[in-house]
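The values are calculated or read from the model by the stated rules, or taken from the named source; none is laboratory data. Fair warning: this is a prediction, and the values are worked out from it, not measured in the lab. Neighbour counts are summed over all protein chains in view; Cβ atoms, including those assigned to glycine, are modelled from backbone coordinates with ideal geometry. Calculation scope for accessible area: heavy atoms of the full protein, side chains included, ligands and nucleic acids excluded. Shrake-Rupley method; radii C 1.70, N 1.55, O 1.52, S 1.80 Å.
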Amino acid sequence: MGVPAARIVFDESDRAAVAEAVTEMLTTGALTLGPWTERFEQAFAAEHGASHAVAVSSGTAALEVILRTVDVRGRDVVVPAVTFYATAGAVVHAGGRPVFADVDPTTLALSPETLAAALTPDTAAVVLVHIGGLITPQVDALRALCDQRGIPLVEDAAHAHGSSLGGRAAGTFGLAGAFSFYPTKVTTSGEGGMILTESPELRDEARIYRDQGKGSFTTNHHVLPGYSWRMSELHAAVGAVHLRRLKEFIEARRAVARRYDEALAGLDGLEPVLEPPGCRGNYYKYVALLPPGTDRAAFKRAVAEEHGVRLSGEVYDLPLHLQPVFAAYRRGPLPVAEDVCARQVCLPVHSDMTQDEAEQVVEAVSTVHRRLAGQPGSRPAGQP
């Protein structure tokens, strides 16, 4: 049996709970902005130690809504170059100008130095991205730098459900955090997103934006230029059910990551992006950097064809400042981002991954790496 790049885990009890919820809402006719949305919001906020949560239609919508409440129109927003299109796309759709910053190679996140180099006199916000569910230990320094300039720090926590640093959860370090529930995330609602914040003002404004800018659900008076960013009750029910398993899923993923850490420690030139001190990541992705000059496509093809192991998609193979859609915002080279994006691969991590599957991945990656690197073959690290 092969190991797939991703696997979405809903067991029999999860499916039964979702079916019961769907029967309930179809019976009552409450299909949007109803009790399941409120339950999901309350549970997600409690899981992350946040005061307020607002459910929306996607992680991209969550980020755009936050940026609209800050009002970035016609102004600059610093975004790391190593992230998904949506991080900068949300800036553009909110009326701002993305300014791309380089990253720290050990965390793939902004550092105080790379942030300082990207700040402009017209910076309206800074977006910090937690790649793979890892939170940089420099987050407080980043927040302090933003506070000194009076600039809000926004977290793109699309990867970071349940991740923490020093006991503090992702999404609670800045003004607000944006989460995604796309199907591959550690917990999912199918489609959907969530905003976390300590600000009741931002919470209230976000609720208006998500419902076409209406001042209240029952009126037709529009007070903000909103959009149809509601989360349906069906998606909220799926998300609320899946959220119950977040801690369990994270423990399973962390066990797989420990095995990978052990194995990669014995492979010269294949460098894992390790969990920073004080961080407790969810391992949405397990990122490793191939040696310079390695043919990544050949590496992935050999792992798949010879060993039945599919590596999950890179995070990311092309940095944002080199994406054609953002050519107008390109300001020059960002060498670290360009290097790590050219060399990174992601080993598969599933919330129900078996020990045998993890060992199959270790064997595949070790064997192919040693051959391509011209190293003598041997057993993977940690095995007799």
* Longest segment of the chain with no trypsin sites (Lys or Arg not before Pro) in a DSSP loop having at most 12 other Cβ atoms within 10 Å? -> 74-330
* Asked: For the range 213-362, what % of the accessible area comes from carbon and sulfur atoms, probe 1.4 Å?
  -> 53
* To do: Pull up the cross-link candidates among the lysines for K247, meaning alpha carbon to alpha carbon under 19 Å and not fewer than 8 places away within one chain.
  => K185, K285
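Need one number: % antiparallel among DSSP beta bridges in the chain, to the nearest 5. Mind dumping the intermediate values first?
Details: 24 of 40 bridges.
For the chain, the DSSP antiparallel bridge percentage is about 60.
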* To do: Would you mind pulling out the separation of the Cα centroids of the range 161-240 and the range 46-77, in Å?
  => 7
* Asked: For the range 192-279, which chymotrypsin sites (Phe, Trp or Tyr not before Pro) are in a loop by DSSP, counting at most 12 other Cβ atoms within 10 Å?
  -> F217
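Just to confirm, what accessible area per residue do you get for the chain at 1.4 Å probe, in whole Å²?
Values: 15560 Å² over 384 residues.
The answer is 41 Å² per residue.
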* Structure fact -> For the chain, the helices passing both cut-offs (Cα extent along own axis of 20 Å or more, Kyte-Doolittle mean at least -1.0, full DSSP H runs) are 12-28, 246-264, 355-372
* Asked: In nanometres, what is the gap between the two model label sites at D356 and L224, each 7 Å from Cα along Cα-to-Cβ?
  -> 5.2
* To do: Place a +1 charge on the Cβ of each Lys and Arg in the chain and a -1 charge on the Cβ of each Asp and Glu, then give the dipole magnitude about the Cα centre in debye, rounded to the nearest 20.
  => 400
* What is the distance in Å between the Cα centres of the range 250-300 and the range 101-143? -> 21
* Y85 to T27: FRET efficiency via 1/(1 + (r/R0)^6), r the Cβ-Cβ distance, R0 41 Å, to the nearest 0.05? -> 0.55
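Share of antiparallel DSSP beta bridges in the range 134-262, in percent to the nearest 5?
On the way: 9 of 12 bridges.
Percentage antiparallel, nearest 5: 75.
Using just the helices of the chain, give the 222 nm mean residue ellipticity in deg cm²/dmol: DSSP H runs with n ≥ 4 each add -39,500 (n - 2.57), and the total is spread over all residues, rounded to 500.
-12000 deg cm²/dmol
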* Structure fact -> Quick calc: nm separation of the 7 Å Cα→Cβ label points for S13 and D140 -> 3.8
